[in-house]
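Below is the structure I would like to discuss, written out as structure tokens.
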Amino acid sequence: MEYAVIFLPLLGSIVTYFAKSIGTLFSQIFSCSMIFLSAVLSCFIFYEGIINKTYGNYLIFEWINSGNFIVNWSINIDPLSSIMIVIVTSVSALVHIYSVGYMSKDPHKPRFMSYLSLFTFSMLCLVVSDNFLQLFFGWEGVGLCSYLLIGFWFKRETANNAAIKAFLVNRVGDFGLAIGIFLIFLFFGTVNFNEVFLLVPEFTQTNFNFFGGEFNIITLICVFLFIGAMGKSAQFFLHTWLPDAMEGPTPVSALIHAATMVTAGVFLIVKCSPIFEYSQFALNLIAIIGMITAIFAASIALVQNDIKKIIAYSTCSQLGYMFFATGVGAYHIAMFHLFTHAFFKALLFLGAGSVIHAFHDEQDITKMGGVWKKIPYTMILMLIGTLALTGFPFLSGFYSKDAIIEFAYLKNSVTGNYVSSVGILTAFLTAIYSWRLFFKTFFGDYNNKTIPINKTHESPLIMIIPLIILAIGALIAGYIFKELFIGNTSSFWGDSILFLEFIKLENIPLWLILITPVLILIAIPISYYLFIINKNILEGVKNSNLPLYKFLLNKWYIDDIYNYIFIEPLKKLGLFFWKKGDLNTIDRYGPDGISKLIKFISNKAVQFQSGYIYDYAFVMLIGLSALITYLILN
Amino acid sequence: MDFPILSAIIFLPFLGALFIFLSGHKDENKSAIYIALFTSIANFLLTLFLWQSFDKSYSGFQFIEEKNWISGFIKFKLGIDGISTLFIVLTAFITPICIVSCINSVKKRLNEFLIAILILETFILGVFCSLDLIVFYLFFEAGLIPMFLIIGVWGGPRRIYSAYKFFLFTLLGSVLMLAAIIFIYWSIGTTDYTEIYKIKIPQEYQYILWLAFFSSFAVKTPMWPVHTWLPDAHVEAPTAGSVILAAILLKMAGYGFIRFSLGMFPIASDFFTPLVFTLSIIAIIYTSLVALMQEDLKKLIAYSSVAHMGFVTLGIFTFNKQGIEGSMFQMISHGIISAALFLCVGVLYDRTSSRMIKNFGGVVNYLPNFSFIFIIFVLGALGLPGTTGFVGEFLVLIGAFKSNYLVAILASTGVVLCAAYMLWMAKRVVFGDTNKTTISSLKDINYLESSVLIILCLATIIFGFYPEPLLNTMDVSVTGIINNHNNELAIKLTNNN
């Protein structure tokens, strides 16, 4: 059964790709059914795990065996991976079904379905790995699929550029992850998770001379692993690819860039909690980067106009929440937020897809509005998603997000306090930008000049049904699974997460419980007033703070900075090495130089042989006199 | 085993060449192709049989054949171990592929071209089998001649310049190696590798001899800064020539490093490690950046070859299991992937007579099957896990990290750069929209082309997921080399104390 869960998507992918000739209908049915089956089986595994604790490790075969470097392909089912496979396969199944409707007019549907299935397979490989190398395989594999899917509409120049950018920025992260793995192998002599985790406590005092400084080995490993996680999860510094990745089809954004792949970084850190727990420095770093990302992305989301980009920045920001949760040691809550986030963010993206569909591929929210009567189902579903995202009381986002803030506060450390206050502020910003998106899209005046309002239409049933399922998840998943994931008495996680010091969520001050929901509730009328009723106030604010507005609109100018300090200089350097180094130095003084020299000498030598006897006699005379002079002088 | 299987493997292609020469059909090109194909495939099967019957648990040389050649001076001695076996199989695997690729692309003097290729195969196989330094040298240098002709006769417009550059560079290094071999004969009295291995070369001579061998291998690898012949040679060479050059000829140098530099001069190898590391790192970063800016597809792949071979030299001189096995694996992987990439460029060149990146774009719209396969090899080249490229690169880096973390980290940046130039190239060639008639009139790959590429593709993926057969074959031999190296160093240490 475990094998089936992993390999059915692969089978689906391969068959779908090569069965193009059989017909698109077959390929769609086949890939959807494979994923659906896999999702059902994974739910079963998850359930079995909770009830009977049927966790275990299933070997597939040996991958690399070189000296003491031994790595296996295997399937490792533990509480952590069982919950991940449920998220991955179920969201994937819904997205597959949705895609059948969304991509119905695309000529390359089988290819699209195949990539989606391949992505699912890679992601499953990542989460069920029992060693760092297979994780790395999945890690790069999902990166590849993300590359392929972002660039799916390969005729678009922007899509191709976004795809390359995503792959390269991820590669930078992977570079960090690879170095982390090298360090682990160097010190522990193994890359198997369990073996490494057993050895970690013995190395807490070991130092390593790295670039001239003495560093604690555990801290060093953690920092490099975190760089990997930053790349994949689009944390500050390495986040630039995620907004651009919205060039891909919307189902891709929902599956890869919201629910699953981008959470791989969080998964990595939770999985490696037995290492991270021993490095307070690394945890603080994670908390701070997470905090910066959360507020930074939320601030940009406030002013963007592309419906998908807003949600992308929102994802970035929510990932920041998950990271600072892990940074304060709340791994289980981070996982819980990951779980609930998968529902409501996939819902929002697919909902946005439905809106885009309604507007015939229009993504700019300033060109929407007033259509809620035309697309009521989409509106209601988006409303549920928005409420869940903002953390409206008793919806799923409420339980997980508040738990993070509360945990950070209870941690009672400097970082903890910082993080919890930033968390509250970000929650408020989240509410503002979410409602901005919602109101501007569905309410107010109809602003689209190219498409008349009666041409907008509700999506077909095949797109609405997956949305409804996700909406149910967004409504109740938090309430149902709260006890299991973050209950004070829950023993669900077992050994899969290590807490050196477990903080129970109790004795929370009343003001803390109330502050976030209150802020969120206040945000609704405020945004309605600002974005619908009286837009002039905002215009005034915008005009009086134009530099700040521009700063936010241009995403803090980070893309431009990177372009200026990395990409252009590297290209120049490449050109310099080629033209000046290879052609003008090595070749000029090397082979070409030598052949020129030889030609030159032989030309001169030819001139000596003039054929006139007096020339030779003259040379002889000079030689003779030189010889005699030499002898005399000696 | 009484049957001289190694000699058979070496000289079978030569026989085929002779046959083509004698049969001499001028116009009926087909028969020559069939003969060449038949001999090379038969040879490949023979090498598979050799691989099968090779004893993987024995670290010494097997299938040894010994004949007096110039009596009392040179013995014609052949033998293989786990390291050479893999290269022999690789050579015999790539040659038929080259021959198939000739069918459409070589327009003139096909018979002679096939003769050159088959003779080249003989020489290359000889390099990997010979256990006598003189025999090794002869094969090593003789290989230059057919390659020189392939570039010089069937090459592009600047073929003469490239051919001479190739010849000069490689010959220059080899002269020093010849001097070193003669010196070894004088001082030890034999050129038999197994004897030298036992007697050991005195420490004080090792350094200068190592440098002499190094100069030859470094040019062939090619290492920075003697790499500039490679892009030129590739650009001018016909497709089959590029394939052999990249896939096998470069590997002779890597093989030479492992077999001779490490085997005969362990102390000097240790001493010069920093030099090799520095040059390898420069090769990886420098040529990756140069590759980024190339406008000619073949030049780009040629520069990426230099970078990949940088990983190989880096891995060899780590003197640990992962490093050397990684290097070996990287060489085989590069043999498959670069061969395939050059074939892909050949496919485009046959159709458009152009290799300039700017003339392409949007190829996927009209050649979907080709693009699919091409992208797989691009991904293999950039070391995506699940392809052979990853296994080699990762093992090299892990080995390098053990011996010097700084070097490993610098080399890892090459992995990022490699992704950059490969994907950028893929984007400009394969993706995008196009309305150029030069592209839209193209036909997708035919059965012949696709079958060859699919074979290479399967090899890349299968050994990427399951590298065990390759790693297993070389395992014991690599351990032997490392142990020898460590013993020598230990002896040197005790002598110094």
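The values are calculated or read from the model by the stated rules, or taken from the named source; none is laboratory data. Treat the numbers as computed from the prediction; the structure is a model and nothing was measured. Ideal geometry is used to build each Cβ from the backbone, glycine not excepted, and the neighbour counts take in all protein chains shown. Areas reflect the complete protein model, heavy atoms only, side chains present, ligands, DNA and RNA absent. Shrake-Rupley method; radii C 1.70, N 1.55, O 1.52, S 1.80 Å.
Express the carbon and sulfur contribution to the solvent-accessible surface of region A:140-193 as a percent, rounded to the nearest whole number, probe 1.4 angstrom. Each step should come with its number before you reach the end.
On the way: 740 of 1180 Å².
Carbon-and-sulfur percentage of accessible area, whole number: 63.
Which residues, if any, in region B:219-262 lose at least 40 square angstrom of accessible heavy-atom surface (probe 1.4 Å) when the other protein chains sit next to their chain rather than the chain being alone?
In region B:219-262, residues shielded by partner chains: B:Thr228.
As a test of reading the structure, rank A:Glu483, A:Glu62 by solvent-accessible area (1.4 Å probe, protein chains only), most first. All intermediate terms of the calculation are to be shown ahead of the outcome.
Working: A:Glu483 105, A:Glu62 60 Å².
The most accessible residue leads, giving A:Glu483, A:Glu62.
Continuing with this model, one more query. Can you give the direction-averaged projected area of the convex hull of the alpha-carbon atoms in region A:62-192, in nm²?
Its average projected convex-hull area is 9.2 nm².
Show me the three semi-axes of the equivalent ellipsoid for region A:11-87, from the C-alpha gyration tensor (sqrt of 5 times each eigenvalue), largest first, rounded to whole Å.
Numbers: eigenvalues 174, 99, 10 Å².
Largest first, region A:11-87 gives 29, 22, 7 Å.
For a 19 Å ceiling on Cα separation, which of these pairs sit above it: A:Lys580/B:Lys299; A:Lys571/B:Lys299; A:Lys232/A:Lys504; A:Lys440/A:Lys535; A:Lys309/A:Lys535?
Details: A:Lys580/B:Lys299 16 Å; A:Lys571/B:Lys299 16 Å; A:Lys232/A:Lys504 30 Å; A:Lys440/A:Lys535 11 Å; A:Lys309/A:Lys535 22 Å.
Pairs exceeding the cut-off: A:Lys232/A:Lys504; A:Lys309/A:Lys535.
Please give me the summed charge of the neighbours of B:Ser327: other residues whose Cβ is under 13 Å from its Cβ, Lys and Arg +1, Asp and Glu -1. Walk me through the numbers before you get to the answer.
Values: positive: B:Lys251, B:Arg259, B:Lys321; negative: B:Glu325, B:Glu393.
Local charge sum for B:Ser327: +1.
Okay, next question. Can you give me the Kirkwood hydrodynamic radius for the protein assembly as shown, using every pair of distinct Cα atoms, in Å to one decimal?
Numbers: mean 1/r = 0.0313 Å⁻¹.
For the protein assembly as shown, inverting the mean 1/r across all distinct Cα pairs yields 31.9 Å.
Further question: Between A:Met620 and B:Tyr447, how many nm apart are label points set 7 Å from Cα along the C-beta direction?
In this crude spin-label approximation the distance works out to 8.0 nm.
Another question about this same structure. Between A:Asn207 and A:Tyr47, how many nm apart are label points set 7 Å from Cα along the C-beta direction?
Output for this residue pair reads 5.6 nm.
May I ask for the Kirkwood hydrodynamic radius of region B:259-315, worked out over all distinct Cα pairs and given in angstroms to one decimal? Can you show the working numbers first?
On the way: mean 1/r = 0.0820 Å⁻¹.
By the Kirkwood definition, the hydrodynamic radius is 12.2 Å.
While we're looking at this one, here's another question. Leaving out ligands, DNA and RNA, what percent of the accessible area of region A:459-544 is carbon and sulfur, probe 1.4 Å? Numbers along the way, then the final one.
Details: 3340 of 4890 Å².
Carbon and sulfur: 68 percent of the exposed surface of region A:459-544.
Give me the net charge for the shell around A:Pro249: Cβ to Cβ below 12 angstrom, other residues only, Lys and Arg +1, Asp and Glu -1. Before the final figure, lay out each step's value.
On the way: positive: A:Lys105, A:Lys109, A:Arg111, A:Arg156, A:Lys308; negative: A:Asp106, A:Glu247, A:Asp361.
In short, +2.
How would you classify region B:259-406 from its alpha-carbon gyration tensor, with a ≥ b ≥ c the square roots of the eigenvalues: rounded for a/c under 1.5, else prolate if a/b is greater than b/c, otherwise oblate? Present the calculation step by step, with values, prior to reporting the outcome.
Working: a/c = 2.70, a/b = 2.16, b/c = 1.25.
Verdict is prolate for region B:259-406.
Consider all pairwise Cα distances in chain A and report the whole-number % of them above 36 Å. Spell out each step's value before the answer.
Values: 84205 of 200661 pairs.
Of the Cα pairs, 42 percent sit more than 36 Å apart.
Which distance in nm do the two modelled labels at A:Asn563 and A:Arg156 give, with both placed 7 Å along the Cα-to-Cβ direction?
1.8
Follow-up. Have a look at region A:390-444 and give its Rg and Dmax from the Cα atoms, expressed in angstrom.
When restricted to Cα atoms, region A:390-444 yields Rg and Dmax of 13.6, 45 Å.
Further question: Please compute the net charge surrounding A:His360, taking Lys and Arg as +1 and Asp and Glu as -1 over other residues with Cβ under 14 Å from its Cβ.
Values: positive: A:Lys105, A:Lys367, A:Lys374, A:Lys449, A:Lys455; negative: A:Asp361, A:Glu362, A:Asp364, A:Glu458.
Local net charge: +1.
Would you mind giving the average projected area, over all directions, of the Cα convex hull of region B:161-305 in nm² with one decimal? Walk me through the intermediate numbers first.
Details: hull surface 35.0 nm².
Average projection, Cα convex hull of region B:161-305: 8.8 nm².
Using a Förster distance of 51 Å, how high is the FRET efficiency between A:Tyr612 and B:Tyr185, based on the Cβ-Cβ distance and rounded to 0.05?
Working: r = 49 Å, r/R0 = 0.95.
Calculated value: 0.55.
Please figure out what share of the DSSP beta bridges in chain A is antiparallel and state it in percent, rounded to the nearest 5.
Working: 15 of 15 bridges.
Taking every DSSP beta bridge within chain A, about 100 percent pair in antiparallel fashion.
Let's test the formula: R0 of 25 Å, r as the Cβ-Cβ distance of A:Phe600 and B:Leu168. What FRET efficiency results, to the nearest 0.05?
Numbers: r = 17 Å, r/R0 = 0.66.
Computed FRET efficiency for A:Phe600 and B:Leu168: 0.90.
Ranked highest first by the average count of other Cβ atoms within 10 Å around their residues, in what order do A:155-163, B:270-278, A:247-255, A:416-424 fall?
For the peptides A:155-163, B:270-278, A:247-255, A:416-424, the packing ranking is A:247-255, A:416-424, A:155-163, B:270-278.
Calculate, for B:Ile461 and B:Ser440, the FRET efficiency according to 1/(1 + (r/R0)^6) with r their C-beta to C-beta distance and R0 30 Å; round to the nearest 0.05.
Working: r = 31 Å, r/R0 = 1.03.
After rounding, the FRET efficiency stands at 0.45.
Same structure, new question: Explain nothing, just the number: dipole magnitude of the protein assembly as shown about its Cα centre with +1 on each Lys and Arg Cβ and -1 on each Asp and Glu Cβ, in debye rounded to the nearest 20.
Working: 66 positive and 63 negative charges, 607 e Å.
The dipole magnitude comes to about 2920 debye.
If you take the Cα atoms of chain B, find Rg, then find the Kirkwood Rh from the mean of 1/r over all pairs, what is Rg/Rh? Intermediate results must be reported in sequence, preceding the final value.
Numbers: Rg = 21.7 Å, Rh = 22.7 Å.
A ratio of 0.96.
Still on this model: Select from region A:498-581 those chymotrypsin sites (Phe, Trp or Tyr not before Pro) which occupy a DSSP coil region and have at most 16 other Cβ atoms within 10 Å, ordered by residue number. Don't skip to the answer; put the middle values down first.
Working: sites: A:Phe499, A:Phe502, A:Trp511, A:Tyr528, A:Tyr529, A:Phe531, A:Tyr549, A:Phe551, A:Trp556, A:Tyr557, A:Tyr562, A:Tyr564, A:Phe566, A:Phe576, A:Phe577, A:Trp578; in loops: A:Phe499, A:Phe502.
Listed in order of number, the matching sites are A:Phe499, A:Phe502.
Mind checking Rg over Rh on region A:213-257, alpha carbons, Kirkwood formula for Rh? Spell out each step's value before the answer.
Values: Rg = 14.8 Å, Rh = 12.2 Å.
Result for region A:213-257 is an Rg/Rh of 1.21.
Could you check how much of the accessible area of chain B is carbon and sulfur, as a whole percent, using a 1.4 Å probe?
66
Rg to Rh ratio, region B:301-387, alpha-carbon atoms and Kirkwood radius?
Numbers: Rg = 15.3 Å, Rh = 14.3 Å.
Here Rg/Rh amounts to 1.07.
Computed on protein heavy atoms with a 1.4 Å probe, what is the summed buried accessible area for the chain pair A and B, in Å² to the nearest 100? Please report the intermediate quantities before stating the final value.
Details: alone 27670 and 18930 Å², together 41340 Å².
The contact between B and A buries close to 5300 Å².
Would you mind checking region A:415-432 for residues with the amide N under 13 Å from a putative spin-label position 7 Å along Cα→C-beta of A:Asn545?
A:429
Then there's this: Residues of region A:546-576 with accessible area at least 20 Å² lower in the all-protein-chain context than alone (1.4 Å probe)?
A:Leu570, A:Lys571, A:Gly574, A:Leu575
Accessible area per residue for the protein assembly as shown in Å², computed with a 1.4 Å probe and the full protein assembly in place, what is it? Numbers along the way, then the final one.
Values: 41340 Å² over 1131 residues.
Result: 37 Å² of accessible area for each residue.
Considering only A:Phe443, A:Ala388, A:Ala297, whose Cα is most displaced toward the positive end of the charge dipole of chain A, charges sitting on Cβ of Lys, Arg (+1) and Asp, Glu (-1)?
A:Phe443
Regarding region A:203-324, what whole-number volume in Å³ per residue does the convex hull of its Cα atoms give? Show your work: numbers first, answer last.
Details: hull volume 11.1 nm³, N = 122.
Here the figure is 91 Å³ per residue.
Mind checking region B:1-102 for GluC sites (Glu not before Pro) that DSSP puts in a loop (not H, G, I, E or B) and that have at most 15 other Cβ atoms within 10 Å? It would help to have the intermediate numbers written out before the result.
Values: sites: B:Glu28, B:Glu65, B:Glu66; in loops: B:Glu28.
Taking region B:1-102 and a limit of 15 other Cβ atoms within 10 Å, the loop GluC sites (Glu not before Pro) found are B:Glu28.
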